[in-house]
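Below you'll find the structure, written out as structure tokens, and then a few comments.
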Amino acid sequence: MSEHHEKKDRSRPPQSQGWIAEYVDEHGLLEAARKVREAGYTKTDAFTPYPVHGIDHALGIRPTVLPFIVLVGGFTGLGTALLMQYWMNAVDYPYLISGKPLGSWPAFIPVTFELTVLFSAITTFLGSILLNRLPKYSNPVFTSPRFDRATDDRFFLYVDSSDRYFNKNSVQNLLSSTNPESLEEVMEDASSTVIPRAVWLSVLLLLVIASIPMAIILKMRNSNSPSPRWHVFFDMDFQPKKKPQQISTLFADGRAMRSPVLGTVARGQWEGNDAFYLGYDPAKLAAHAGRDRSRFVGASLAAAMQDPVGAPALGQPPTPDEEKSPESAIPAGSNVPAKSETSDEMDESSNAAEKPSDEPSPGDEATDGKVMVEETQTANDAASPSSGEPANPSQDGAALASAVPTLPFVTNIPMEIDAQVMELGKKKFEIYCSVCHGVGGDGDGLVARRAEEIAQSYWLPPTSLHADAVRSQPVGQVFYTISNGKGKMAGYGAVLTPKERWAVVLYVKALQRSRNASESDVPLEMQSKLSQSK
Amino acid sequence: MIQIKNDESIRIPESWRSKAIPMIVVGIIAVGISFFLFRLVSDKDVMKLVSHSYLANLMFCMTIAIGAMFFVLVQYVVRSGWSATVRRLAEIISSVIPWLAMLFIPILVMLVLGRKDLYEWNASREELHGLAAEKTGYLNWWFFSLRSVIYLSIWSVIVTWVHRMSRRQDETGEVEITLKIQKYSGPMIVLFALSVSFAAFDWVMSLQADWYSTIFGVYMFAGGMVAFFATMMLLFDLLQRCGKLRDAVNVEHFHDMSKIMFGFNMFWAYCGFSQFMLYWYADIPEETSWFRTRIENGWDTLSYVLIAVHFIIPFLGLMSRHVRRNRVGVVFWCAWLLVAHWMDMVFMVMPNTHVPASGLLFIAHLIGTIGMVSIFAAFLILRASDVPLVAHRDPRLREALTYSNPIL
């Protein structure tokens, strides 16, 4: 009954909408429904407290098309899920997971199953609402007070007056012949269809209240405030712990920061002060005289702290009078590039170390400054450690890094070496180093290969351990690099003990030698095997 | 309503009874022919092939009977009304279990004789390696035999008791009998679930002793349920063609049984995929070995075809209610799913022979299946003789005869 209708005929008496018969059990209802259908009525409906088997057939309700709509919905979900996952995993963001193909169908199936069910369920829900023309706010049968028991213990059969064959008397006769508990004419709902103002106001009020949290969030996200933020979720913002420089009530001296207990050393802190722990000879470093002495001491301290991040920071920044302008710092014909890429510098400096270094020429002074101290004692006075660097104050980290190769690295491993150490080195190398440098040390580890495959622009390929620049490094320098890191490589001082690091050095040296070995390098008892395999 | 106790329409055809003994003879001959054909497949591995094929065929029949037992128990647990007319046939199928247990004896004899053709773990701890060696405390001939006897005893007791009680109701019509079975069927289902799961672990999963999967028993059970419903509906169709049970079993019952079969077929795929995906994802060598066995030696074709034949095609085919209410459609898909279950059993057992899949192997195995199924069918006839095919004094019979599925 539309509002339009209501307004138009407000004055007229309520019209008859149809007839409703009441039954005490489902058998009476089914029997009556069958009779009504056989009499040719189609605009009928049944109301029962629970689903009654066979009522659809008795009323002559035709099968619905909903299953086919749901089928389409289900297949849409299936296709959506498969396409979505394939696109996400293999096209938009290809990422290898445990070596499986990018488009791994077995992995897609759970989500496909879920989306198929979800789409089917949503289609069923919306489809049944649409096909039943819901929501329906009122029905004329509600005007009968007896009808309330339809949700309790009574069964109702309704014949609508808009039916093609509807005739008041014949319907009444037909229904009374089915022995109903009661039989009434359903009258039009005479009450107003205008929604009461109170309902409107409450809905409005609810909407306003519901929008408050959203409004607050929007305001918070789009404005600045000097006061601390609201902690709706505390996360881990407040923890029962002390931060540096805070006051502690636990200790008598009131200090939250504690110094180490006397006679102890914290993990990753100073371990020792000889070549075994440092990779270079601290005595030689201390004995060395010259302008760079203060720098060496600084680098030595940094190394002693065993802190790869802190190491450059502790170095002395070059004084302005020692620095040259970038133009004059790079002499013509010098092979030192004017960039601050640390790893490149390292390689360059190692190249320089290969040259005969007892004849420094003025043109080579930029590189000579980086030649190892123990080999080029004479060059030290002529070279400024930072002369090869651009004089950019913001890059002083890079400038300081040039202090590294000037250390007096040891050339012999300062510990006993046997086959067990080699085994240890191999094991540790394959665990920690091979992921980037590759099992053979060619710089083709899995990480490197993956990075190359996805062509990440910021990726710096790992150095091949068989490059001349690396091969020529003394063992102390390799140890130093393993301990403190280099360029993008992190230091492994914290995860490998000094003995393990030396073992890795030994293994790296063995790897390098394996590419340049002669037959005489093979032990006698193995030589026969070698000749057999040839 | 069927009230008459001696009504011929609720008994198996008279002509069937005389066929039981010849069918057993034919079955034994067919199994013998299949053994002979396996000799042609591979002379070296003939014992392996014969024992595996025998186990696969026995499992084919056993899972059907186990499914029938579960169906009967579940009808009592949920106090189902619709199934009162079809339950008796399931009772008869399940009551074959004690007889099928006899067919298990050759397998136990092989174990006692120390043969390793079927179960590779039937060796001393020193001869085995890896996980199989660690399992010798559980997988050894005497404990395995003891467990097998326990499983078969549990099932035999359950099916015999339920069947006897139900038969007594035929005589007396006591409602108390139904209530009593209802009372005990819950605990019996718990026993059933545990014993079926462990039986699947022992009989089929231990073929590959170093592999394990906790869902394996459920997978076997789900496949067995599908095969049971297919068998039951085919039997009803056959009986009705012989003029029996025409009033007792109607389209509504076929519709309902098809629905459950469809559901269990999905469940089978669900279990199979759950099992596969975890192993596939983790990709750990000792866990993937079982699947590796099934993609080697030419068994991969069967493995992949099984997905379509057992799940995808029947899933789409059985989805519509119009098919489920159409007798030709139902019979077609029941036959189809029985073939799929046969393939599933081949997939479970035969690749463990490590003999390459070949046409002759399949033919030999199929002849063995025909033999085993013929023995199974003979058992069924013998068990069904003199038993009404409908529990005609069941208190829920009226509901079963009059209910109907809602029109969607």
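FYI, it's all coordinate maths here, none of it is from the lab. These numbers come from a predicted model, not from an experiment. Neighbour counts run over all protein chains shown; Cβ positions are idealised from the backbone, glycine included.
Odds and ends about this structure:
- Extension gain, A:MET214 to A:TYR137, is 24.7 nm, computed as 0.36 nm per intervening residue step minus the present C-alpha separation.
- Separation of alpha-carbon centers, segment A:486-517 and segment A:443-466, rounded to whole Å: 19
- At q = 0.14 Å⁻¹, base-10 log of I(q)/I(0) for segment A:478-528 (Debye sum, equal scatterers on each alpha carbon): -0.49
- Förster radius 60 Å - calculated FRET efficiency between B:TYR138 and A:SER248, Cβ distance, rounded to 0.05: 0.55
- Kirkwood Rh and Cα Rg combined as Rg over Rh, evaluated for chain B: 0.97
- Theoretical FRET efficiency, 1/(1+(r/R0)^6), r = Cβ-Cβ of A:ASP274 and A:TYR458, R0 41 Å, to 0.05: 0.60
- Estimated FRET transfer efficiency (A:ARG197, A:ASP148; beta-carbon r; R0 35 Å; 0.05): 0.80
- Rounded Å value of the spacing that divides the Cα centres of segment B:372-408 and segment B:295-368: 27
- Rounded to whole Hz, the Karplus (6.51, -1.76, 1.60) HN-Hα couplings of segment B:121-134, x for glycine and proline: 7, 6, 8, 6, 4, 5, 6, 9, 9, x, 5, 4, 5, 5
- Prolate is the label for segment B:275-408, because a/c, from the alpha-carbon gyration tensor with a ≥ b ≥ c as root eigenvalues, is 1.5 or above and a/b exceeds b/c.
- Distance between modelled label sites at B:LEU194 and B:VAL25, nm, 7 Å Cα→Cβ extension: 4.6
- Three-way shape call for segment B:132-213 based on the alpha-carbon gyration tensor, with the a/c threshold at 1.5: prolate
- Rg(Cα)/(2.2 N^0.38 Å) for segment A:35-94, N = residue count: 2.09
- When shorter helices are ignored and each DSSP H run of at least 4 residues is given -39500 (n - 2.57), the per-residue value for chain B at 222 nm works out to -23000 deg cm²/dmol.
- For A:TYR280, the amide hydrogen comes within under 5 Å of the amide hydrogens of A:VAL410, counting only partners 5 or more places away or on other chains and with H modelled in the peptide plane.
- Between amide H atoms placed 1.01 Å from N, distances below 5 Å from A:VAL186 occur with A:GLN17, A:GLY18, A:TRP19, A:ILE20, all of them 5 or more places distant or on a separate chain.
- You can think of it this way: the chain between B:ARG292 and B:ILE307 has 3.8 nm of extra reach, that is 0.36 nm per residue less the Cα-Cα gap.
- Per-residue ³J(HN,Hα) for segment B:300-309, Karplus 6.51 cos²θ - 1.76 cosθ + 1.60, θ = phi - 60°, Hz, x for Gly and Pro: 5, 4, 4, 4, 6, 4, 4, 4, 6, 6
- With eigenvalues of the C-alpha gyration tensor scaled by 5 and rooted, segment A:409-534, Å: 26, 20, 13
- Each residue in B:TRP82, B:TRP342 was given a count of other beta-carbon atoms within 10 angstrom of its own, and listing them fewest first yields B:TRP342, B:TRP82.
- Of the DSSP H helices in chain B, those whose Cα atoms cover at least 18 Å axially and whose Kyte score averages 0.5 or more: B:20-41, B:46-77, B:175-203, B:216-241, B:327-349, B:359-384
- Shape call, segment B:141-278: gyration tensor on alpha carbons, a/c limit 1.5: oblate
- Relative exposure of A:CYS436, B:CYS334, judged by other C-beta atoms within 10 Å (fewest first): A:CYS436, B:CYS334
- Ranked list, fewest to most other Cβ atoms within 10 Å of each Cβ, for A:SER464, B:SER53, A:SER227, B:SER124: A:SER227, B:SER124, A:SER464, B:SER53
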